[in-house]
Amino acid sequence: MLKKSILIFLLFFVLSNYSQEENLVDEDFPILPICNLIPENLQKKCFEESIQEHIEKYFIYPKTALDLGLQSVVNVFFQINENGEVNNITAKANLVGVKFDSEEALLSASQLFENAAQEIVKKLPKMIPGKVNGEPSAFPFQLPITYRMPSDSDKSNDVFPLDSVEWAPLFPGCEDMNSDDSKTCFKEKVDKHFKKYLKFPKKAKGIVAEESIVFVEIIIENDGRIYDITILGPDVFRKETERVIKKLPSMEPGLNNDLPVAVSYTIPVAFKPN
């Protein structure tokens, strides 16, 4: 079957409306019926794995898009409401490695992928609803699904250093760059981002008297989002570094041979006492 020859890259995560930094709320994750009988500490993992199996089962590459050689990363937004039903489904497609002269053609191409991705989510079963402080509550989600053409040499799991890719992940504001300039722009935008948001942790005041360096490696996956963060340095600075990284915007993925790839980037972050 064609589906078996097509890469499906799936990462699933919750976009919670509630702060994770303060223990102000007690949240219970929505539960799929198949996960109801397993131990509570394994239910979230079961949920994520079951969603992935669901995507693989119902994944269909739009025929017109396949015939035209189009590829896309589609972000599907939805919620599991207080009754455990999936609703408020919307989708946003980001076409990869192609440009359209006509806005109408771009919208039509995007809609091919958006409709296909929404159909997958519509087929999700009714669930045991999530709860906040013991009360049934709606939980919002975002699900990225990658539609990629079959390749004889599939290196979708490879991670490429920033300077080795043809196109850097496109940070907002870097769209009108050539290949080399996209890397320079990416580095400059990340540097400005850290200078804007980084703060010296209160816990470190009076403890650290000299400048401290934290080394950070981020991996921008082939859907343009950051899922993997490695931080090397004093513990007192790690939480602040991670906070700033999580403020980085979504990007268009890096490209090699017009195909989306995961890109790693390492940056030293300096903490200077006030």
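Overview of values
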{"quantity": "Helix-only [θ]222 nm of the chain, DSSP H runs n ≥ 4, -39500 (n - 2.57) each, per residue, nearest 500", "calculated": "-8500 deg cm²/dmol"}
{"quantity": "Percentage of interatomic Cα-Cα distances in the stretch 156-273 larger than 20 Å", "calculated": "42"}
{"quantity": "Cα centroid separation - the stretch 30-95 against the stretch 191-211, whole Å", "calculated": "39"}
{"quantity": "Most fluctuating residue given options Phe113, Phe59, Phe194, as computed from a GNM of the chain linking Cα atoms under 10 Å", "calculated": "Phe194"}
{"quantity": "For peptides 43-50, 267-274, sequence by mean Cβ density within 10 Å, most packed first", "calculated": "43-50, 267-274"}
{"quantity": "Nearest-20 debye value, the stretch 159-271 charge dipole, Cβ charges on Lys, Arg, Asp, Glu", "calculated": "980"}
{"quantity": "Estimated dipole of the chain in Debye, rounded to 20 [Cβ of Lys and Arg +1, of Asp and Glu -1, Cα centre]", "calculated": "600"}
{"quantity": "Length released on extending from Lys203 to Leu37, taking residue separation times 0.36 nm less the Cα-Cα span", "calculated": "55.5 nm"}
{"quantity": "Links that overshoot a 21 Å alpha carbon limit, given the list Lys63/Lys126; Lys92/Lys192; Lys57/Lys131; Lys202/Lys272", "calculated": "Lys63/Lys126; Lys92/Lys192; Lys57/Lys131"}
{"quantity": "Spatial separation of Cα centroids for the stretch 107-127 and the stretch 162-177, in angstrom", "calculated": "28"}
{"quantity": "Against the rule of thumb 2.2 N^0.38 Å, how large the Cα Rg of the chain comes out", "calculated": "1.12"}
{"quantity": "Semi-axes of the equivalent ellipsoid for the stretch 30-179, Cα gyration tensor, largest first, Å", "calculated": "33, 18, 16"}
{"quantity": "Value of relative contact order over the chain, rounded to a whole percent, pairs C-alpha under 8 Å and six or more apart", "calculated": "21"}
{"quantity": "Long-range amide H partners of Asn222 with built H, under 5 Å", "calculated": "Ala262"}
{"quantity": "Dipole of the chain, positive direction: furthest Cα of Ser108, Gly69, Leu232, with charges on the beta-carbon", "calculated": "Leu232"}
{"quantity": "Of Gly254, Gly233, Gly206, the one that fluctuates the most in a GNM where the chain has Cα springs shorter than 10 Å", "calculated": "Gly206"}
{"quantity": "Highest-fluctuation residue, Ile80, Ile38, Ile213 considered, GNM on the chain with Cα pairs under 10 Å", "calculated": "Ile38"}
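Where a number appears in this text, it was derived from the coordinates with a stated rule and is not lab data. Treat the numbers as computed from the prediction; the structure is a model and nothing was measured. Virtual Cβ from ideal backbone geometry, glycine too; neighbours counted across all protein chains shown.
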